[in-house]
Amino acid sequence: MSATEVTWWGHSTVWLADSGARLLTDPVLTGRLAHLRRLAGPSPRLPGAPDAILLSHLHADHFHVPSLRAVPGEPVLVVPRGAAAFAARAMPEAAGRCVELGPGDETEIKGVRVRAVPARHDGGRGPWSRDRAAAIGFVIEGTARTWYAGDTGLFDGMHDLGPLDLALIPVGGWGPTLGAHGHLDARAGAEALRRVKATWAVPVHYGTLWPIGMGRVRRHMFDEPGARFAEFAAESAPDSRVRVLAHGETLGVHR
């Protein structure tokens, strides 16, 4: 029986191997990103060159240009509609490798279908930039049906994404505050899992990056979201199985 393998490398960086396709999500491969530093886990050690990188939105902790330049090979960059222009300016060498998708659009990577789905999250690069592209998530269909949410809050159409074999759900953040708009915390992440009806779920987007000098501030928001998500999911989505991965740990999902 074939399996889909997912390895979490911290924050939203996930290596997904399915049906011969190797996909990487929102890579952050460095020990520091502006005012943030990696407080847990080893630096990611990719097993090789991915076939494609799935980029959910333009925020620097997801569309991290130095990390993209460090990824080996010449992977396809699957980006939100409107983001290719920014990618071409930031990485001219990758301009010809960008594929833009909006919700409902899809592309194929080595026989695996990658479909863009909605996300409820700000799509700008940041307050200093005019670059904007609506944030998206991805449903990957190979041996398994996998949802990578990117960054998102709850939205009405979330029920339409399931049923799924695997859901990669953000449950925290990178600082001592987490805005309710456009994000999921552990409890809302469990509600997202209930809506999409996934057999397996892995919490992401927590326990990795934290502002420099604030390592002791609200540390529970750094350490606890994964375990709290599992607790809430046991109540709201009892038919789903949650696996809280350590950095660099791999889960195999058999369909």
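Observations on the model:
- Residue pairs meeting the criteria (Cβ under 8 Å; at least 6 apart or on separate chains; first within 20 Å of Glu231 (Cα to Cα), in segment 242-255; second of a type in the set (Asp, Glu) and not in a loop (DSSP other than H, G, I, E, B)): Leu251/Glu5
- Being closer than 22 Å to Met221 by Cβ, of a type outside the set (D, E, K, R) and more than 18 Å from the chain's Cα centre (by Cα) holds for only one residue in Pro176, Pro170, Pro127, and it is Pro176.
- Of the strands (runs of 3 or more DSSP E) contained entirely in segment 1-85, those carrying at least 3 residues that are over 20 Å from Val171 (Cα atoms) fall at 3-8, 21-25, 76-80.
- Residue within segment 132-141 that is more than 22 Å from Asp18 (Cα to Cα), surrounded by fewer than 18 Cβ atoms within 10 Å (Cβ to Cβ) and modelled with pLDDT of 95 or more present: no
- Within segment 156-173, the set of residues being surrounded by fewer than 23 Cβ atoms within 10 Å (Cβ to Cβ), within 16 Å of His121 (Cα to Cα) and touching a strand residue (DSSP E or B) at 6+ places or on another chain (Cβ under 8 Å) comprises Gly157 only.
- Qualifying residue in segment 137-144 (condition: polar (S, T, N, Q) and touching a residue at least 60 places away in the same chain (Cβ under 8 Å)): yes
- Of all residue pairs spaced 6 or more apart or on separate chains, none has beta-carbon atoms under 9 Å together with a first member in segment 32-48 that is closer than 16 Å to His59 by Cα and free of Cβ contacts under 8 Å to residues at least 12 places away in the same chain and a second member that is assigned to a loop (DSSP other than H, G, I, E, B) and open to solvent by less than 50 Å² (accessible area, probe 1.4 Å).
- Flag for Thr146 being polar (S, T, N, Q), open to solvent by less than 10 Å² (accessible area, probe 1.4 Å) and not in a helix (DSSP H, G or I): yes
- Every residue from segment 102-131 that is in contact with an Asp or Glu (Cβ under 6 Å, 6 or more places away or on another chain), surrounded by 19 or more Cβ atoms within 10 Å (Cβ to Cβ) and in a loop (DSSP other than H, G, I, E, B): His121, Arg125
- Leading residue by the ranking (surrounded by the most Cβ atoms within 10 Å (Cβ to Cβ)) among those in segment 13-35 that are over 16 Å from Val76 (Cβ atoms) and in contact with an Asp or Glu (Cβ under 7 Å, 6 or more places away or on another chain): Val28
The values are calculated or read from the model by the stated rules, or taken from the named source; none is laboratory data. This one's a predicted model, so the numbers in the text were calculated from it and none came from an experiment. All Cβ positions, even for glycine, are placed from backbone atoms using ideal geometry, and neighbour counts span all protein chains on display. These area figures cover heavy atoms from the full protein model, side chains too; ligands, DNA and RNA do not enter into them. Shrake-Rupley method; radii C 1.70, N 1.55, O 1.52, S 1.80 Å.
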